[in-house]
Amino acid sequence: MKHIELVGLNCERKMLIEYLQKYGVVDISDSRDEMLNSRETAGTISQLESNMAGTKSAIDMLPKESGGLFSKRTELSPEQYRLEAGETSRMLDIVQDILQISRSIERNKDELSALEIEKNALSNFVSLDVSAGLKHTRRTLVKTGIAEGEWNEEKIWQKLAELELDAVYFEILKVTKQQTVLWIIYLQEDEQKMAKFFADINFAVPKNLPKNEPVKRIEELESKKEEILSENENFAAQLSEFAQKRGDLELFYDKMSIRRDKYRALEKIGISKNAFFISGYIPAKYCEELETKLSKNFTVSIEISEPKEDEDVPAAFSNNAFVAPVEGITSDYSMPSANDIDPNPIMAFFYYFFFGMMFSDAGYGLLLMIVCGILGFGNVLEKKKRNTFRMFFYCGVSTTFWGLMYGSFFGDMIATVSKAFGSGKLALLPILVDPVKKPLSVLIMSVVFGVIHILTAMVIKFYMTWRNGEKWAAVFDTGFWILVISGIGILAAGAAFSMPIVTKIGKYLAIGAAIGLVLTQGRSSKNPILKLFNGILSLYDITSIVGDVLSYSRLMALGLATGVIASVVNVLGSLGGNSIVGLISFIAISIFGHTLNFAINMLGAYVHTNRLQYVEFYQKFYEGGGRKYSPLGFNTKYYEFKNERNGDYV
């Protein structure tokens, strides 16, 4: 990444920014300071974002044909990003019309909900043949409400008799175990006694009871509901007509997005009376070409230099086709800092290797290769969507390899099919080891690969420290640990293969390196006793390393799980025996079971492979915390625009 500075004439400022945007390679920094003014663009940016939000809401309201994962954005030339005369006003009018319809639909939905609530409330009173809202006559009072609990006529008359009330008429409209709906009429002079009665039965009068009969009110509600539904159908038809404008609205949204990004860049530019100043960062491979084109098209002074050590330089990856697919794994963790190396070329091999070892079935691997190969290397998807599938393609290659090493093809499907429907002589034998029969061998192998992975991380740390000029720190803090782990590994190998000489070499190497740690890890302390104590204490870090190494047992566990579950599916499928029914059940159970096993264990392999990189590998040497390279360009949502650089779509 190079630092670039541009000085040009104010009259060309807007055109040059637009050219840089079409070129799409310069990450523009904030160039404002006390000596230079800047253009106030916050109001314009705010207005554009407001328009974008409204347009996005309008687009979301319109019906759309489902494109899904395999949809591809329409490709446009770089000149089509400009807003035409009157386009903003015209498109915002359409947006407002759609949003108005949307608000009307939402308002109708709220009204329908209120009507439904009222209708449900009135369902308790449908048997009432007089006005539910009637409250009194000339000499009587009327109550329509709900008593708590289950009441019948006998119990109500008994309660009234206790209060010496006999001039009362009531109807039970509805009874459940929880409540009883009553209509009651009584003399006005009995109001105080009736108040005691109402309190005893926890009687409550609902609010807003209709003035007419409940049945008639329900009919009115149904009629109103039909009117609203009909109105909503008209609104839906209007939205369907506006759907023809969806493409125009999407293009308008992207144009505003491009325009907003341009004004954000303009806000960062330093301005004097007659000139403007731009600073930023650009990948080295684009420097010469951009400098030539800018000098040809504009009156501009260009200076390209190496970034200073204290600069916040953005980071970008540039790797081959094998490594590039895993760049997203690293960027999700953290972009590299200025002191980091690009870990992807080394991490990629381990990533594919460990994923395959955990998924470890040749049948699943072939499926992964076929599907992800088509999606990752074909033209089915946009370029931006292909990298993930390319990554899983390489993971599929590794999975197939390890499946053959373990003798697993959809578990033991070949042997199961041969036994259930054939002679029983066919089987896929493991090339390396059968993890079911020899899990300990696979565990040892997993631990060995873990040690190699961790040692690789430490070697990178050693290199980075040495490169930064801290050579003694590289030797003392990392080199000795590399020797300790290597010595222990050599010692274990010698013991396993009964090679006393190798065992002695490993033992003395580990002991010598451990002594080196004791003598050097306390070097920051001035007190000689503390130096020795801190050096001895540093050996405790071996427990952390052992814990990290044991984490690689998941390579065995997940690989074993994939094969065992697949074999169980095959056994279940073969229970139907050698018959037509048995064959059909075998196919059905196999499809369902292997699909489920594929999904679960692929997810497990993905998650745990990421963990091994993030926790056991990166934490040994990778600082992270870098800023991602974000060049000014056409960062659009709905359409792809070719850039000025090479005609590629961005």
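All of the numbers you see were taken from the coordinates with simple rules; none came from a lab. For clarity, every value in this text was computed on a predicted model and none was experimentally measured. Quick reminder, even Gly has a Cβ in these numbers, built from the backbone with ideal geometry, and neighbours come from all protein chains shown.
In terms of other Cβ atoms within 10 Å, CYS395, CYS372 run from fewest to most in the order CYS372, CYS395. Please list the non-local residues whose amide H lies under 5 Å from the amide H of MET335, H modeled 1.01 Å from N, same-chain partners needing a gap of 5 or more. Amide H to amide H, under 5 Å and 5 or more residues apart or across chains, MET335 pairs with GLY625, GLY626. Note on the range 263-359: Kirkwood radius taken over Cα pairs, Stokes-Einstein applied at 4 °C and 1.567 mPa s, translational D equal to 76 µm² s⁻¹.
Rank THR292, VAL215, SER486 by how far each Cα sits towards the positive end of the charge dipole of the chain (+1 on Lys, Arg Cβ; -1 on Asp, Glu Cβ) and give me just the farthest. Towards the positive end, the residue furthest out is SER486. Note on the range 134-208: with charges restricted to the Cβ of Lys and Arg (+1) and Asp and Glu (-1), its dipole about the Cα centre is near 400 debye. Using only side-chain charges placed at the Cβ, +1 for Lys and Arg and -1 for Asp and Glu, the dipole size of the chain relative to its Cα centre rounds to 2140 debye. So which of LYS437/LYS504; LYS2/LYS293; LYS72/LYS268; LYS56/LYS224; LYS159/LYS207 end up more than 22 Å apart by C-alpha? Going by Cα-Cα distance, LYS437/LYS504; LYS72/LYS268; LYS56/LYS224; LYS159/LYS207 fall outside the 22 Å limit. Along its three principal directions, the equivalent ellipsoid of the range 96-194 from the Cα gyration tensor extends over semi-axes of 40, 16, 10 Å, largest first.
With a cut-off of at most 14 other beta carbons within 10 Å, and DSSP calling the residue loop, which trypsin sites (Lys or Arg not before Pro) in the range 46-120 qualify? Please list them. Taking the range 46-120 and a limit of 14 other Cβ atoms within 10 Å, the loop trypsin sites (Lys or Arg not before Pro) found are LYS64, LYS72, ARG82.
Amide H to amide H, with H built 1.01 Å from N, GLN179 comes under 5 Å of GLY149, counting only residues 5 or more places away or on other chains.
So for SER551, SER104, fewest C-beta neighbours within 10 Å to most, what's the order? Show your work: numbers first, answer last.
Numbers: SER551 19, SER104 15.
Listing SER551, SER104 from fewest to most nearby Cβ atoms yields SER104, SER551.
Across all C-alpha atoms in the range 1-148, the radius of gyration and Dmax reach 30.4, 97 Å. Ranking GLN619, LEU596, TYR606 by Cα position along the charge dipole of the range 545-650, where only Lys, Arg, Asp and Glu carry charges on their C-beta atoms, puts GLN619 farthest toward the positive end. Shape analysis of the range 453-528 yields a ratio of the Cα radius of gyration to the Kirkwood radius, Rg/Rh, of 1.08.
Of the trypsin sites (Lys or Arg not before Pro) in the range 287-376, the ones in a loop by DSSP (not H, G, I, E or B) with at most 13 other beta carbons within 10 Å are LYS308. Measuring r between the beta carbons of ASN319 and SER441 and using R0 = 35 Å, the FRET efficiency lands at 0.50. Take the Cα of LEU539, go 7 Å toward its beta carbon, and the backbone nitrogen atoms of the range 494-514 under 19 Å from that spot belong to 504-514. Taking 0.36 nm per residue of separation and subtracting the current Cα-Cα distance, fully stretching the chain between ASP93 and THR595 would add 175.7 nm.
Neighbour counts of C-beta atoms inside 10 Å place THR137, THR299 in the sequence THR137, THR299, starting with the fewest.
Computed extension length for LYS224-GLU191: 8.1 nm, one decimal, from 0.36 nm per residue of separation with the Cα-Cα distance subtracted. Near SER38, the amide H atoms lying under 5 Å from its own belong to ILE271; only residues 5 or more places off or on other chains count, and H is placed 1.01 Å from N.
Taken as entire DSSP H runs, the helices of the chain that both span 27 Å or more between Cα atoms along their own long axis and average -1.0 or more on the Kyte-Doolittle scale are 42-61, 87-122, 214-242, 383-406, 439-467, 500-520, 553-573, 580-611. Using a 7 Å offset from Cα along Cα-Cβ at SER305, what residues in the range 263-282 end up with backbone N under 13 Å from the label point? Flagged as within label range: 279-280. Using R0 = 56 Å, the C-beta based FRET efficiency linking GLU470 and ALA588 works out to 0.30.
Ellipticity at 222 nm from helices only: DSSP H runs of n ≥ 4 in the chain, each -39500 (n - 2.57), divided by the residue count, give -19000 deg cm²/dmol.
Here the calculated FRET efficiency for CYS11 and ASN339, from their Cβ-Cβ distance with R0 = 60 Å, stands at 0.90, rounded to the nearest 0.05.
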